[in-house]
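**Student:** Got a structure for you, questions after.
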Amino acid sequence: MLTIHCPNCGITAEETEFHAHGEAHLKRFGPGSSDGEFEGYLFMRKNPKGVHFERWRHQNGCGKWFHVARCTMTLEVFGSYSAQTYAPPQDILDHIENRRPGWQESAT
Amino acid sequence: MSEPVTALRGATDAAGIVQIREIGPRGMITLRGDLSDKATIKAAVAAGGVNVPEVRHCNTEGESGIAWMSPDEVLIMCPYAEVHARIADLRTKLAKQHSLAVNVSDARALFSVTGPHAREVMAKLSPVDLHVDAFTPGMFRRTRLAQVPAAFWMPQEQTFNIVCFRSVAVYVYDVLKVAAQPGSEVGHF
């Protein structure tokens, strides 16, 4: 079971109070994009063994969205951060680099 | 005006290790807006009769009070008969603010759980640290009660007040009764 921190209300609780909503930091391809781009945006998701960035919602709490960085293999949660961002903040990346040296090379 | 009817018509149960009571009707107003804005705070204080609480806390005084629900939402409580007047006043005062005030009195059910085992009964149903040092009177927690969303606070030690959706009032009442079955004391707190 994951223990997750909500940066919006400051509560740290177990995962049943939250709900995962899939991969984070997707770039939207809407009208005017090619079929391939649109398909990729709609359906193609990473399925990494290791570090993963996800969108979560504090379903049974404050109801707000945020991001979580976690490891899909060990279920280690690296941290959570604001939903109002396009990319993970540097302190989260530093922490992941600390815990999983070289993770970015193996992720590609 | 017609008589207000609560979801369970004030059902009570004292057969278990705590006393469960449906209380209410209670006037409840959901107010969404910028909680750092002075005019919003002032209007909320006027409607709730108490100060706007800190994050994850609530201030209550009898039937009135304000509870912190999320970074842009508070729940204002007041006597049921006064809710229309208070919401009208709130809307007038916040006419120029980007805000939303809705009367949710009849969309909610309110329970009280009382007794020396109250913490235990609540801890069986929600994923919240209810240790005496971790959850104290004055705090407010939105969470789940078994399978449904609920929020609760402690007006005083050994008493919990629970707010849930009216549509799940029967479920909450029943699940509280199960958690409070005679002989089901855990003795953890």
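The values are calculated or read from the model by the stated rules, or taken from the named source; none is laboratory data. These figures come from a predicted structure and were not determined experimentally. Every residue, glycine as well, gets a Cβ built from its backbone with ideal geometry; the counts of neighbours run over all protein chains shown. For the accessible areas, the whole protein counts, side chains as well, though only heavy atoms, and no ligand, DNA or RNA atoms are used. Shrake-Rupley method; radii C 1.70, N 1.55, O 1.52, S 1.80 Å.
**Student:** Given H placed on each backbone N at 1.01 Å, which residues far from residue A:51 in sequence or on other chains put an amide H within less than 5 Å of it?
**Tutor:** Under 5 Å from the amide H of residue A:51 lie the amide H atoms of A:72, each far enough along the sequence or on another chain.
**Student:** Another question, then. So how strong a dipole does the protein assembly as shown carry about its Cα centre when Lys and Arg Cβ are +1 and Asp and Glu Cβ are -1, to the nearest 20 debye?
**Tutor:** Dipole size: approximately 480 debye.
**Student:** At what distance in nm do the modelled label points of residue B:177 and residue B:14 sit from each other, each positioned 7 Å from its Cα along Cα→Cβ?
**Tutor:** Taking the simple label geometry, residue B:177 and residue B:14 are separated by 1.7 nm.
**Student:** Please work out whether chain A counts as rounded, prolate or oblate from its C-alpha gyration tensor, where a ≥ b ≥ c are the square roots of the eigenvalues and a/c under 1.5 means rounded, while otherwise a/b larger than b/c means prolate and anything else oblate?
**Tutor:** Verdict is oblate for chain A.
**Student:** On to the next question. Along the positive direction of the dipole of segment B:45-131 (beta-carbon charges: Lys, Arg +1; Asp, Glu -1; about the Cα centre), which of B:92, B:117, B:46 reaches farthest?
**Tutor:** Positive-most Cα among the choices belongs to B:92.
**Student:** Any idea of the accessible area per residue across segment B:12-179, 1.4 Å probe, to the nearest Å²?
**Tutor:** 43
**Student:** Related question: With label points built 7 Å along Cα→Cβ from the Cα atoms of residue B:38 and residue B:97, find their separation and express it in nm.
**Tutor:** Those two pseudo-labels are separated by 1.3 nm.
**Student:** Related question: Keeping all protein chains in the complex and leaving out DNA, RNA and ligands, what accessible area do you get for residue B:165 with a 1.4 Å probe, in Å² to the nearest 10?
**Tutor:** Counting only protein heavy atoms, the figure is 90 Å².
**Student:** A further question on this structure: Sort by residue number and report every cysteine in chain A with no other cysteine beta carbon within a distance under 4.7 Å.
**Tutor:** Lacking a cysteine Cβ partner under 4.7 Å: A:6, A:71.
**Student:** Let me know the charge dipole size of segment B:12-179 about its Cα centre in debye, to the nearest 20, where only the beta-carbon of Lys, Arg (+1) and Asp, Glu (-1) is charged.
**Tutor:** Its charge dipole is roughly 360 debye.
**Student:** Using amide H atoms built 1.01 Å from N in the peptide plane, name the residues 5+ places from residue A:62, or on other chains, whose amide H lies under 5 Å from its own.
**Tutor:** Amide H to amide H, under 5 Å and 5 or more residues apart or across chains, residue A:62 pairs with nothing.
**Student:** Total Lys pairs in the protein assembly as shown closer than 13 Å by alpha-carbon, pairs eight or more apart in sequence or interchain only?
**Tutor:** 4
**Student:** Quick one: putting +1 on the C-beta of Lys and Arg, -1 on the C-beta of Asp and Glu, what dipole do you get for segment A:38-108 around its Cα centre, in Debye to the nearest 20?
**Tutor:** Roughly 280 debye for segment A:38-108.
**Student:** What FRET efficiency comes out for residue B:189 versus residue A:47 if R0 is 35 angstrom and r is the Cβ-Cβ distance? Round to the nearest 0.05.
**Tutor:** 0.25
**Student:** Sticking with this one: Of all the accessible heavy-atom surface of segment B:12-179, with the other protein chains kept in place and a 1.4 Å probe, what percent is carbon and sulfur?
**Tutor:** Heavy-atom surface of segment B:12-179 belonging to carbon and sulfur, 1.4 Å probe: 52 percent.
**Student:** Would you please give the residues with an amide H less than 5 Å from that of residue B:11, counting only those at least 5 places away or on a separate chain, with H modeled from the backbone geometry?
**Tutor:** B:22
**Student:** Describe numerically, in nm with one decimal, the distance between label points set 7 Å from Cα along Cα→Cβ at residue B:159 and at residue B:88.
**Tutor:** Once both label points are built, they end up 3.2 nm from each other.
**Student:** Still on this model: Nearest 100 Å², what total accessible surface is buried between chain A and chain B (probe 1.4 Å)?
**Tutor:** Interface between A and B: roughly 1000 Å².
**Student:** May I pose another question? Heavy-atom accessible area of residue A:95 with all protein chains present, probe 1.4 Å, nearest 10 Å²?
**Tutor:** 70
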